[in-house]
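To start, the structure under review is shown below, and the notes come after it.
The values are calculated or read from the model by the stated rules, or taken from the named source; none is laboratory data. None of these values were measured; they are calculated from a predicted model. All Cβ positions, even for glycine, are placed from backbone atoms using ideal geometry, and neighbour counts span all protein chains on display. Heads up: the accessible areas ignore ligands, DNA and RNA and are worked out on the full protein's heavy atoms, side chains in. Shrake-Rupley method; radii C 1.70, N 1.55, O 1.52, S 1.80 Å.
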Amino acid sequence: MIQTLPATIPASLFEQRADAIVEAARELSELGWTPATSSNFSMRVDDAHAAITVSGKHKGRLGREDIMLIDLAGNAVGTDARPSAETALHTQIYRRWPQMQAVLHTHSRTQSVASRLYADDGVIRLQGWELQKAISGYHSHDSVLEIPVFPNTQHMPELVVRVDAWLDAGKPLHAYLIDGHGIYTWGRDMAETRRHLEALEFLLACELDLKQLRAS
Ligand SMILES: [Zn+2]
């Protein structure tokens with residue numbers, strides 16, 4: 001893939017973002033959270049652009065050339081590569097929150113099972129777990145961390161509307177699940193976003209274990 005950069009974006013900046021995405025993708029792939037070329041990852045580049053994984057590549061074997069530039073409307077910039085089908089969900093986060101720098105979307109087994117189990121409720125309410133404190137803004141296990149579960153669709157504008165509606169209702173949002181699909185989370189840098197993703201994976205696994213043990 002040939003990526004031409006606008007004059008306002010230094011090559012070193014784009015490469016730094018691309019390398020951070022490649023590294024995160026490789027590590028998350030090793031955990032088994034990105035099966036069969038699924039999942040997508042992005043980082044903000046500046047006020048108007050983000051770097052995102054191209055569509056359809058194995059996430060454990062990405063190189064810098066598999067990361068492309070998009071504008072915050074989700075259009076390819078300086079390349080004819082095709083961005084991930086779910087690009088609109090990434091750009092939505094960057095448009096809504098100028099401070100957000102990274103968005104990670106994975107399809108782990110735990111995330112997938114939890115999303116189906118709680119789809120009818122439309123939300124997973126986490127409370128009583130020490131690891132909730134890994135989510136920025138949460139300082140106690142006593143607080144309630146709500147992770148909405150939105151219906152899956154191949155039509156991204158529908159999901160964008162659901163995310164907007166949740167936020168416009170004034171509810172905090174640090175992550176969401178899509179039914180039968182996976183999770184989205186974000187943060188002010190890649191490290192914070194990775195911490196959110198790892199904490200949520202752990203918390204969802206705990207909820208699933210607890211539900212199973214209580215039922216047996
Ligand atoms: Zn997906």
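What the table below lists for this structure:
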read-out: Partners for K133 among lysines (Cα-Cα distance below 20 Å; same-chain residues under 8 apart left out); value: K171
read-out: Lys, Arg +1 and Asp, Glu -1 on Cβ, resulting dipole of the chain about Cα centre, debye, nearest 20; value: 180 debye
read-out: Pairwise label distance in nanometres, T153 with V113, each label 7 Å out on the Cα-Cβ vector; value: 2.9 nm
read-out: Whole-Å semi-axes of the ellipsoid equivalent to the stretch 1-152 (Cα gyration tensor, √5λ, descending); value: 30, 18, 14
read-out: Mean ellipticity per residue at 222 nm, deg cm²/dmol - from DSSP H runs of n ≥ 4 across the chain, formula -39500 (n - 2.57); value: -12000 deg cm²/dmol
read-out: Within the accessible area of the stretch 81-201 (1.4 Å probe), percent carbon and sulfur; value: 49 percent
read-out: Summed residue charge, Cβ within 14 Å of L177's Cβ, Lys/Arg positive, Asp/Glu negative; value: -3
read-out: Mean accessible surface per residue for the chain, computed with a 1.4 Å probe while every protein chain stays in place, in Å²; value: 47 Å²
